[in-house]
Structures are given as C-alpha cells and as structure tokens.
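Reading through the structure tokens given below for one structure.
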Amino acid sequence: ASVVTGYLRMLQGEASGPTTEHQRRMIEEAEKSCERLVAIISEMGEVARLDTGVLPIRSVPTDLFELLHEVSGNVRTAEQAAVTVRFRGNARGASCTADRTRLGIAFSAFMSAIAREQSENASLVIETRLEDEGGARHAFIVISREETAPDLPARPHEPLNERRGGVGLALPIARRVVEAHGGMVWSPATEAKGSEPVHTVIVMRFPLT
C-alpha cells in the first residue's frame, strides 16, 4: 500500500504530466483508501500482539476516572460532530497502574461506538463508581446513551459486538487493552438497527490495586 501511495503522490505532483480536476479527485480518493488499508493492517498487527502478549503494556500510576474525563472531549459522531458527555458518580478514586495512552484510546473507542449510532445531537452518560466484590476493590465504568443510562452496573450477560463502532478494529483492540489490564467489558443492553445489534450501553470493570 505504501508503494501505491508513493505512485499516487507522484501523480498528484503531476510528475508524468498535468491531470484534470476529475483525475485529481480520483487520485485523492485512492490515496484515502490506501491510508485506510495501512491503518487496518497496523490494527491487525496490534490485535495479534495483544493476543500473544508480545505488545508491552507500559504501566504508570493512573486514575481511571480522571483519564475518562480527559479523553471524553475527543468523542465524535459518524458525521464528526461533537458529543455532549455528562458524568455521574465518582470523579476520581480509581487509582491503579495502567498504560494511559492505550487505555485512553480504548475509552475513546467505546464512547465513539455508542455516539456514532446517534444523530449529530449525540449525548452520552458516563457513570463511574467504586464497588467491593469478593474482598477486592473494583472500578465500574458504564457508558450509555442518555435515554438508556442504567442506575446500576449490570453483570456480564451480553458479549460486546465488535463489528459496530466504525470501520477498522478499534473495538477489538479496545477490548483486548481492557483485558490486558485485568478488566472486563460487556454490553448489557442492545437494540436492533437493521440486521445488526447496536450498543446502547457498554460496561467496564477494572480491579484496583
């Protein structure tokens, strides 16, 4: 793909002669397709490295809830419109060691998966809470559409549909990143949109140290 991109850029620079406006638009679209292909290949490699444990997870002191607040401003709908995000629950207190960069990208992917199913006036509710389970402290994160926000985190019973959330492997990577941190992710509430189930709620649970 990178070789093809190089030739396309040569055409854009009119290295082999002038191009028409129609040809330039076709070249631009071909270049975008090459960029998407390169991104998907890179994501496939990351999935494979996460599955085999080859990809190192850089752990630094992190508050999961504060990280959520930091990345929430980057969420966009399918039309790239901004999304209103409202938080409920604990603002901080979910201290652990984590790969901030990868986990921040994972949080953004989950938020975008729900936002992209909405209109340009998309809104999300993110509920954060701390709970004791089996003598251990856990952080729960519930991301939902505002009208479907649950009062309490549901327990796992529906797997995450990783085919939603846009082109690419953002959701499979995000799930694996959460699991690499000892966490779990599931979707307790879905609805039909055409022939595909659509996420309305995504829940994450992380053990705290």
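Each reported figure results from applying straightforward, stated rules to the coordinates on display, with no laboratory input. Keep in mind it's a predicted model, so treat the numbers as computed, not measured. As a convention, Cβ positions derive from the backbone with ideal geometry for all residues, glycine included, and neighbour counts pool all protein chains shown.
What the table below lists for this structure:
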quantity: Full-stretch length increase - Arg137, Arg58 - with 0.36 nm per residue and alpha-carbon distance subtracted; calculated: 26.2 nm
quantity: Thr20-Ser95 FRET efficiency (beta carbon distance; Förster radius 45 Å; 0.05 resolution); calculated: 0.15
quantity: Gain in span if fully extended, Ala82 to Leu130, counting 0.36 nm per residue against the direct Cα distance; calculated: 14.4 nm
quantity: Estimated inter-spin distance, His69 and Glu147, nm [label 7 Å along Cα→Cβ]; calculated: 3.0
quantity: Selection of trypsin sites (Lys or Arg not before Pro), the range 62-125, meeting DSSP coil and at most 16 other Cβ within 10 Å; calculated: Arg92
quantity: Relative contact order %, the range 108-148, counting alpha carbon pairs below 8 Å whose residues are six or more apart; calculated: 38
quantity: Nearest-0.05 FRET efficiency for Met184 and Thr209, computed from C-beta distance (R0 22 Å); calculated: 0.85
quantity: Two-site label geometry, Met10 and Glu29: point separation in nm, points 7 Å out along Cα→Cβ; calculated: 2.4
